[in-house]
Amino acid sequence: MSNLDKMLERNKDFAAQQFAAGTLMPSLPRALPNVKAIIIGCADMRVDPAHVLGTKPGEAVVMRNIGGRITPGLLEQLGLLGRIGDVAGEIPGGGGEFHIIVLQHTDCGITRLAGDPAMLMDYFQIQEAELKAKAVTDPRAAVAGDAASLRAIPALPGEWLVSGLVYDVATGLVEIVVPPAPIRTA
Ligand SMILES: [Zn+2]
């Protein structure tokens, strides 16, 4: 049995269970009552938020890239997401219960790009002098920097919470590096 065959077998189980439980979402709801977060995470196969944080279907929008970093490309997608779902206007509550969670991790593959500044400069669309501030070899510093850069985006609703987490691939535990706080205080 190929890997794809195994995945397709699992998909049949998934479909049957979700259908029976009534948790399939055949269309994108206009209002998204269960969405609690946008999680920005790394593409690494070890750090899927559905596993690490136990997110269930419909609970979080997950955006993954190399490193779980705030890049121009990520921000572009975040902007499109706002258009698609009118996320900013449709998230209920707005009273500080909606989260943007930046989830980075130890032993991230992006650290292996540290010796390739041209590639990183292109990824972040920055000059070489700015590269050090991206802290690609230090996930705690990187997550703090990325949370700060989210707070600097005027288009994001001020009452949304931003958090920065680092997942330790050796222990399976997540550390809160940036405690949840509103993007802007009034
Ligand atoms: Zn990674």
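The values are calculated or read from the model by the stated rules, or taken from the named source; none is laboratory data. Since the model is a prediction, treat every value here as computed from it, not as a measurement. Cβ coordinates were reconstructed from backbone atoms using ideal geometry, including for glycine residues, and neighbour counts include every protein chain displayed.
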Say whether the condition of being in a loop (DSSP other than H, G, I, E, B) and either surrounded by fewer than 17 Cβ atoms within 10 Å (Cβ to Cβ) or among the basic types (Lys, Arg) (or both) is met by at least one residue in region 64-71. yes
Just give me the residues in region 17-63 being of a type in the set (Gly, Ala, Ser), more than 14 Å from the chain's Cα centre (by Cα) and assigned to a loop (DSSP other than H, G, I, E, B), in sequence order. GLY22, SER27, ALA31, GLY58
Take region 85-144 and flag every residue that is modelled with pLDDT of 95 or more, assigned to a loop (DSSP other than H, G, I, E, B) and within 16 Å of the ligand (Cβ to nearest atom). THR106, ASP107, CYS108, ALA135, VAL136, THR137, ASP138
Would you call GLU175 surrounded by 13 or more Cβ atoms within 10 Å (Cβ to Cβ) and at pLDDT below 95? no
Between THR55, THR71, which is of a type in the set (Ser, Thr, Tyr) and modelled with pLDDT of 95 or more? THR71
A careful count of residues in region 30-81 that are away from the ligand (no atom under 16 Å from the Cβ) and on the phi > 0 side of the Ramachandran plot gives 2
Could you please find all residues in region 26-47 being at pLDDT 95 or above and surrounded by fewer than 17 Cβ atoms within 10 Å (Cβ to Cβ)? ALA43, MET45, ARG46
